[in-house]
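The values are calculated or read from the model by the stated rules, or taken from the named source; none is laboratory data. These numbers were taken from a predicted model, which means no experiment stands behind them. Positions of Cβ are generated from backbone atoms using ideal geometry, with glycine treated the same way; all protein chains shown enter the neighbour counts. Note: accessible area is taken over every heavy atom of the protein model, side chains too, but ligands, DNA and RNA are not part of it. Shrake-Rupley method; radii C 1.70, N 1.55, O 1.52, S 1.80 Å.
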Amino acid sequence: MLFRSVTSSSVVHFGLPEGLSDEDVLALAAQPGGGVWIGTASGNVDFLDHNRVVSYGAADGLSGKAVTSLLVRRDGSLVVGSLGGVFARNGAGFAPFATGGSGAAITALLEDSSERLWLGSADSGFGRASEGQIQWLTTKDGLPDNHVTHLVEDDDGDLWCGFPQGIYEL
């Protein structure tokens, strides 16, 4: 379910009757200039703007698997992380973001201060997208686990990853 606070004493609900494709919301991202992107367990991405919802799904190029993370990059473009890979919005639909990311169960997305895209996955480790490719670091490269739960960059430009075993600075 999705709720929006209108005033300090009022909350508005958005669900199936209001046009969402699924009430099991797993990810949110604000679009600069207005609107909210919504990732759902059913694999859809909805865009809510001024109480109007537009839904995108497998027919629009997404994997059809749960959307677990959304990122609006500094240039305004949308990146979608799902249990079926990573996708970028391209006009009216979506396309795989880069080779090496197709099929990876994406759990986290981050654009760092140098505008590089980093990915966390449920099973493939920690990745960096560069020139249309994703290079992955895994337990073979020293990660404590191939399941990355969160990604964040601190004020010093250092990257931090959340794992089931705790957080690590990379």
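Yes or no: residue 34 modelled with pLDDT of 95 or more, assigned to a loop (DSSP other than H, G, I, E, B) and open to solvent by less than 40 Å² (accessible area, probe 1.4 Å)? Criteria not met by residue 34. Could you say whether any residue in the stretch 100-114 is over 26 Å from residue 58 (Cβ atoms), of a type in the set (Ser, Thr, Tyr) and modelled with pLDDT of 90 or more? Within the stretch 100-114 (the criterion being over 26 Å from residue 58 (Cβ atoms), of a type in the set (Ser, Thr, Tyr) and modelled with pLDDT of 90 or more), the answer is yes, since at least one residue qualifies. Across the stretch 58-70, the number of residues qualifying as farther than 11 Å from residue 95 by Cα and open to solvent by less than 30 Å² (accessible area, probe 1.4 Å) comes to 4. Counting only residues that are surrounded by 15 or more Cβ atoms within 10 Å (Cβ to Cβ) and not small (Gly, Ala, Ser), the stretch 124-137 holds 5 of them. Taking the conditions (1) basic (Lys, Arg); (2) surrounded by fewer than 16 Cβ atoms within 10 Å (Cβ to Cβ); (3) within 18 Å of the chain's Cα centre (by Cα) in turn, residue 140 satisfies each one other than (3).
For the stretch 152-169, taking the residues that are touching a residue at least 40 places away in the same chain (Cβ under 8 Å) and touching a Ser or Thr at 6+ places or on another chain (Cβ under 9 Å), the one that is surrounded by the fewest Cβ atoms within 10 Å (Cβ to Cβ) is identified as 157. Name the single residue that is surrounded by the most Cβ atoms within 10 Å (Cβ to Cβ) among those in the stretch 43-54 being touching a residue at least 24 places away in the same chain (Cβ under 8 Å) and under 13 Å from the mean Cα position of the chain (by Cα). The qualifying residue surrounded by the most Cβ atoms within 10 Å (Cβ to Cβ) is 45.
Yes/no per residue for (1) in contact with a helix residue (DSSP H, G or I) (Cβ under 8 Å, 6 or more places away or on another chain); (2) at pLDDT 95 or above; (3) surrounded by 11 or more Cβ atoms within 10 Å (Cβ to Cβ):
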position	(1), (2), (3)
4	no, no, yes
11	no, no, no
39	no, yes, yes
56	no, yes, yes
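Determine which member of the set 89, 74 is without any contact (Cβ under 8 Å) to a residue 40 or more places away in the chain, open to solvent by 30 Å² or more (accessible area, probe 1.4 Å) and more than 15 Å from residue 121 (Cα to Cα). Of the residues listed, the single one that is without any contact (Cβ under 8 Å) to a residue 40 or more places away in the chain, open to solvent by 30 Å² or more (accessible area, probe 1.4 Å) and more than 15 Å from residue 121 (Cα to Cα) is 89.
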